[in-house]
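Enquirer: Can you keep this structure in mind? I'll have questions shortly.
Please treat every number below as a calculation from the coordinates, not as lab data. Treat the numbers as computed from the prediction; the structure is a model and nothing was measured. FYI the Cβ positions are ideal-geometry reconstructions off the backbone, even for glycines, and counts take in every protein chain you see.
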Amino acid sequence: MKLQISSRLAVFAILELSADSDRRVSVADIGEKCGVSSHHLAKVMHVLARAGLVRSVRGAGGGYRFVGNARRTTLLDVIELFETIGANPRQEVGDRTDEGRALRQVLGEIDDIARATLGSITISTMLKLVRRRGDGRRAAESARG
Amino acid sequence: MEWRKPSARAELGGRASAQSVRTMKANARTTAGKHSLTVRRVRAADMLHVIALDERVTGLAKPDYWNDMFSRYGDRRPHEGFFLVAEAPEAEGAAPVLGFIVGEVRAWEFGSAPCGWVIALSVEPGARLHGIGQALFDALAAEFKQAGVDRMRTMVARDNRLHLLFFRSEGMMAGPYIELEKELE
């Protein structure tokens, strides 16, 4: 499964900000970490702010803060601000044939699982996963010397 | 029913420690969030409360099912089957059973190496978000480890958001099996 770049950036930005909700992080800092331009990221942050997940802080040392609920906001909540996951309402080639209907049923299974998976992982759970990955990487690096 | 906060003497704070939940031969007093509760093996006297809690949560009374679960996991096969309940501190006016979890070590079904299965989990709706589910989960995980397995597994309906969010928050990820079913004609 592939996410659009805006969705990925939004998830990264939310994870960066929610790791410490008191910390203000500038768009430039997040952009540098993700390797994208501040311009592209600014549009993403605007959408996240409109959804009430982040708030911009003006003035010296300004930037963004996470203001959502990390234990209630799921990956699906964030991603669906930018793209639709699952059920494709558009008519596709061959949809009216038995083969097309059978194919849509199979693809629907995949969509349902994708939605259930993304909808079951909160930002808080994701942060734990990120920490575990980091711990695992550091342990492997230290074992290699 | 809202779970009333226990008195200050019971507040220990922090997550249930592995040690506290491992010593379940007697009663293990453990902590859930900042509240104290006991996680212990189910007793016959708990079953009415278990049945009532399940009915409140699912809207369906299943006394025969739960009595059968008690006969299978209550006191038989204590090293493979675990039926645990979370009990509020006494005289706090809370429901006697705040939650329960049932698990079993199963081996070689569909080629699966021995693994701990979480078969059931329920927490009193008014007592949620106090770490009771986590205390039960940790206690069962400790039992599974003591039984010699290093993996636990469960099955959750895709639309059961509550259980999905909970098990995910406990670090559970998709396993190597896919559940399949067929409507019988």
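Enquirer: What are the equivalent ellipsoid semi-axes of segment B:40-112, built from the alpha-carbon gyration tensor (square roots of five times its eigenvalues), in whole angstrom, biggest first?
Expert: Three semi-axes, in Å: 24, 15, 11.
Enquirer: May I pose another question? Treating cross-link reach as a plain straight distance, find the aspartates and glutamates whose alpha-carbon is under 18 Å from the alpha-carbon of A:Lys43, omitting any fewer than eight places away in the same chain.
Expert: A:Lys43 reaches A:Glu16, A:Asp29, A:Glu32, A:Asp77, A:Glu80, A:Glu83.
Enquirer: Right, another one. Can you pull the Kirkwood radius for the protein assembly as shown, inverse mean 1/r over Cα pairs, to one decimal in Å?
Expert: Computed over the protein assembly as shown, the radius equals 22.8 Å.
Enquirer: Additional query: So for each of B:138-148, A:122-132, A:88-98 I average, over its residues, the number of other beta carbons within 10 Å; can you give me the resulting order with the highest mean first?
Expert: Put in order of decreasing packing, that is B:138-148, A:122-132, A:88-98.
Enquirer: Just to confirm the number: angle between the C-alpha axis of helix A:98-119 and the first principal axis of chain A, 0 to 90 degrees, nearest 10?
Expert: In chain A, helix A:98-119 runs at an angle near 20 degrees to the longest axis.
Enquirer: What's the angle, to the nearest 10 degrees (0 to 90), between helix A:123-144's Cα axis and the longest principal axis of chain A?
Expert: 70 degrees
Enquirer: Report, in deg cm²/dmol and to the nearest 500, the calculated mean residue ellipticity at 222 nm for chain A, where each DSSP H run with n ≥ 4 adds -39500 (n - 2.57) and the sum is divided by the residue count.
Expert: -18500 deg cm²/dmol
Enquirer: List, largest first, the extents of the alpha carbons of chain A along their principal axes, each in whole Å.
Expert: 61, 43, 28
Enquirer: Looking only at other chains, what is the average number of their beta-carbon atoms within 10 angstrom of each beta-carbon in B:155-166?
Expert: Mean shielding count: 3.
Enquirer: For B:Leu184 and A:Ser38, FRET efficiency with R0 = 51 Å and r from the beta-carbon atoms, rounded to 0.05?
Expert: Rounded to the nearest 0.05, the efficiency is 0.30.
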